[in-house]
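Q: Have a look at this one.
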Amino acid sequence: MELHKLFESQYKQLEEAIDEIAERISKLGAISPGTFKEFLDLASLKEHPGKNPLQMDMIRELLHDHESVIKALRKGVDDCEDKYDDKGTSDFLNNLMQDHETIAWTLRRYLK
C-alpha cells in the first residue's frame with residue numbers, strides 16, 4: 001500500500017506538470033501535443049508492454065526514467081540559456097528538473 005501511495009503521488013505530480021508544460025508551450029506561441037499518439041511520438045522514455053516487474057525492479061526502472069528526464073532537462077536549461085536566450089523557459093525547466101530530482105531522491109531511499 002505504501003508503494004501504491006508513492007506511485008499515485010508521483011502520478012498526480014506528473015499530471016500537473018503535463019498541464020504546466022502544455023501551458024508553457026502555448027505561451028511560446030506553439031501548439032502543444034494533445035493526443036496520446038503525439039505524446040508517444042515525442043516521448044524519449046519508452047513503454048514496456050506486457051512487462052510486470054517486481055516492486056524493487058519497478059522502483060529501479062522508475063528511478064532510471066526520472067534520471068533520464070533530469071539529464072534531458074539539464075540540457076534543455078543550457079540550450080534555453082545559451083542558444084535561445086530564453087530565461088523564462090530556462091527557469092521553468094529548472095523547476096521541473098528540481099521536481100524530478102526530488103522524486104529520484106525519494107525513490108533512491110527505497111532502494112537502500
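Q: Of everything in the range 42-58, what is under 30 Å from THR89 (Cα atoms) and not small (Gly, Ala, Ser)? Give them in sequence order.
A: Scanning the range 42-58 gives LEU42, LEU45, LYS46, GLU47.
Q: Please find, within the range 48-96, the residue that is farthest from ALA22 (Cα to Cα) out of those that are small (Gly, Ala, Ser) and within 16 Å of the chain's Cα centre (by Cα).
A: Looking at residues that are small (Gly, Ala, Ser) and within 16 Å of the chain's Cα centre (by Cα), I get SER68.
Q: Out of the range 61-76, which residues are without any contact (Cβ under 8 Å) to a residue 40 or more places away in the chain and more than 15 Å from ASN94 (Cα to Cα)? So that I can check it myself, show each step before the final result.
A: In the first step, residues of the range 61-76 are kept if they are without any contact (Cβ under 8 Å) to a residue 40 or more places away in the chain; the result is 61, 64-65, 67-76.
Of everything in the range 61-76, those that are without any contact (Cβ under 8 Å) to a residue 40 or more places away in the chain and more than 15 Å from ASN94 (Cα to Cα) turn out to be GLU61, HIS64, ASP65.
Q: Give me the pairs: first residue in the range 47-60 and free of Cβ contacts under 8 Å to residues at least 60 places away in the same chain, second residue surrounded by 10 or more Cβ atoms within 10 Å (Cβ to Cβ) and of a type in the set (Asp, Glu), beta-carbon distance under 7 Å, and six or more apart or on different chains, which are they?
A: PRO53/GLU61
Bear in mind that the values in this text are calculations on the coordinates, not laboratory data. The shown structure was predicted, so the numbers you read here are calculated from the model rather than taken from an experiment. Note: ideal-geometry Cβ built from the backbone for every residue, glycine included; neighbour counts use all protein chains shown.
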